[in-house]
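Worksheet for the structure shown next.
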Amino acid sequence: MNTCVFLIYDVKVSLTTNNFEFQNFVQGTLQNYRTGKQLDHKFQIDIYIDFNKESQIKKSKFRVGNGVFLDETNKKIAVQHKLFLGEFTKKGNHNLKVRGEVPSTIRNTFKHVIKSAAINNYSYKEMLFHQLYRELVLMPVFWILRHKFEKYLMHASAVSDGKQTLVFLGNDGVGKTTVALKFLQKEGMSFFGDNFLLYDSNEIHPFVDTLRVNKKDTSAIKAYKLSSLFKKVFEGKTRVHYNFSKDNISKSAVPTHFYVLKQSDKNNKTPITSVQYINYTLAINDYVKEFDKYSYASNLIFLYDTKVNVEKQETESLLKLVSTKPCALLSLNKDEELFDLFNLDN
């Protein structure tokens, strides 16, 4: 078993696993947060993931959802994912133990081999690694940040030139990554992330794991290979995962402009109110279903009852962040040159 340690804002994450390939996948994905130092933290998550091991995870008779079970002491949650078993155990108000087990049988192995051969886009390993990382590593961290430390998620990318900081909100595939990367070609630009953007009532905070590129997008892969900003960390059957250079990641900053992206036949910018922007944010977050409230980690509320209305608190923080800033609906034609938003009037 090998252990690697990450510090993601106030949360220290210790991951121990007996699968070197999965460990390398997580280390590459979170390389910007890896540390071997004993840095200050306010919450600790200890994660143990065993491959090919007989299960020690037992479900309770108290079911709180499909495949989710709470024990009688209200200190342990067992989950049954189709690819793995999981367990969350409260070890105190500032510590969480996460356990994952990946069962291996001849029948399951044969089933995945057949699926991989028959289905073009099916990759068991890629799907397994992504789900383990999402459900047992990333989402518990986001849940703790959201419920304990008032750092919330927005489905957006963001860039900064040191004077202005632009936020690009949007659904999957609308162009958040494309817009951010075009700006990063300019000297002096820094990056906050292309998928998960953390915020509180005053600032936005970077979170950069990996940019996952479909292998069919050969032009994008070529651009990533040629750029000094990116390093390939994992290649699956359908996607290539690239990490972003730590030197070009922005520090937390006060945003100056907010944009909602949509695709169109021509480039256009239409002002909207801060309330409209907030409504777009909440609707897109709900549509994407990528955040902690749509994962197994949402059930941590049974272990750590914060006694506050987190969604109300989240909306109030977003209102404070956005209310005095210019907001706009940004229509983009992907085949046209992107206009320079840093030089546009509010």
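The values are calculated or read from the model by the stated rules, or taken from the named source; none is laboratory data. On a predicted model such as this, the values are computed, not experimentally measured, just so you know. Positions of Cβ are generated from backbone atoms using ideal geometry, with glycine treated the same way; all protein chains shown enter the neighbour counts. Remember, those area values only see protein heavy atoms, side chains included, never the ligands or the DNA or RNA. Shrake-Rupley method; radii C 1.70, N 1.55, O 1.52, S 1.80 Å.
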Handout entry: Cα-projected label distance for SER264 with GLN185, points at 7 Å along beta-carbon direction, nm
Key = 2.2
Exercise for the section: Take every DSSP beta bridge with both residues inside the stretch 187-269 and express the antiparallel ones as a percent of the total, to the nearest 5. Expected result: 95
Fill in the blank from the handout: So the angle from the long Cα axis of helix 139-148 to the longest Cα principal axis of the chain, reported in degrees to the nearest 10, equals 70
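About the Cα centre of the chain, how large is the charge dipole given +1 on each Lys and Arg Cβ and -1 on each Asp and Glu Cβ? Please answer in debye to the nearest 20.
1000
Would you work out if the stretch 112-237 is rounded, prolate or oblate? Take a ≥ b ≥ c from the square roots of the eigenvalues of the alpha-carbon gyration tensor; rounded if a/c is under 1.5, else prolate when a/b is larger than b/c, oblate otherwise. Before the final figure, lay out the partial values.
Working: a/c = 2.54, a/b = 1.30, b/c = 1.95.
Oblate shape, in that a/c is at least 1.5 and b/c is the bigger or equal ratio.
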Handout entry: Residue-span extension gain [ASP161 to LYS37] - 0.36 nm each, minus C-alpha spacing
Key = 41.6 nm
Problem - Inter-probe distance in nm under a simple model that places probes 7 Å from Cα toward Cβ, at THR273 and LYS307 - result: 3.6
Exercise for the section: Could you order ILE221, ILE47 by accessible surface area, starting with the largest, using a probe radius of 1.4 Å? Expected result: ILE221, ILE47
Problem - Helical mean residue ellipticity (222 nm; -39500 (n - 2.57) per DSSP H run of 4+; nearest 500) of the chain - result: -7500 deg cm²/dmol
Handout entry: Estimated vicinal HN-Hα couplings, Hz - the stretch 26-33 in sequence order (Karplus 6.51, -1.76, 1.60; Gly, Pro = x)
Key = 5, 4, x, 5, 10, 4, 6, 10
Exercise for the section: Grab the other residues whose beta carbon is less than 9 angstrom from that of LYS215, score K and R as +1, D and E as -1, and report the net. Expected result: +1
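Counting only heavy atoms of protein chains, what accessible area per residue, in Å², does the stretch 194-346 have with a probe of 1.4 Å?
Roughly 52 Å² per residue, with all protein chains present.
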Completion exercise
For the stretch 124-251, averaging the sequence separation of alpha carbon pairs under 8 Å that lie six or more residues apart and dividing by its residue count, the contact order in percent is 20
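If you put +1 on each Lys and Arg Cβ and -1 on each Asp and Glu Cβ, how big is the dipole of the stretch 140-291 around its Cα centre, in Debye rounded to 20?
The dipole of the stretch 140-291 has a size of about 520 debye.
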Exercise for the section: Just reorder ASP46, ASP40 by solvent-accessible area, largest first, 1.4 Å probe, all chains present. Expected result: ASP40, ASP46
Exercise for the section: Can you tell me which of 274-285, 49-60, 5-16 comes out highest on packing, and rank the rest after it, using the mean Cβ neighbours within 10 Å? Expected result: 5-16, 274-285, 49-60
Completion exercise
Carbon/sulfur accessible area of the chain, % of total, 1.4 Å probe, equals 47
Practice task
Work out from phi, with θ = phi - 60° and the Karplus expression 6.51 cos²θ - 1.76 cosθ + 1.60, the ³J(HN,Hα) of each residue of the stretch 87-101, listed in order in whole Hz, and give x for Gly and Pro.
Solution key: 8, 10, 10, 6, 10, x, 5, 10, 8, 9, 9, 10, 10, x, 9
Exercise for the section: State the answer as a single residue: which of LEU211, LEU184, VAL137 lies farthest towards the positive end of the charge dipole of the stretch 130-256, with beta carbon charges of +1 for Lys and Arg and -1 for Asp and Glu, about the Cα centre. Expected result: LEU211
Problem - Candidate residues TYR287, TYR33: accessible-area rank, largest first, probe 1.4 Å - result: TYR287, TYR33
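Ranked from highest to lowest mean number of other Cβ atoms within 10 Å per residue, what is the order of the peptides 165-171, 264-270, 198-204, 239-245?
Averaged packing, sorted descending, gives the order 165-171, 239-245, 198-204, 264-270.
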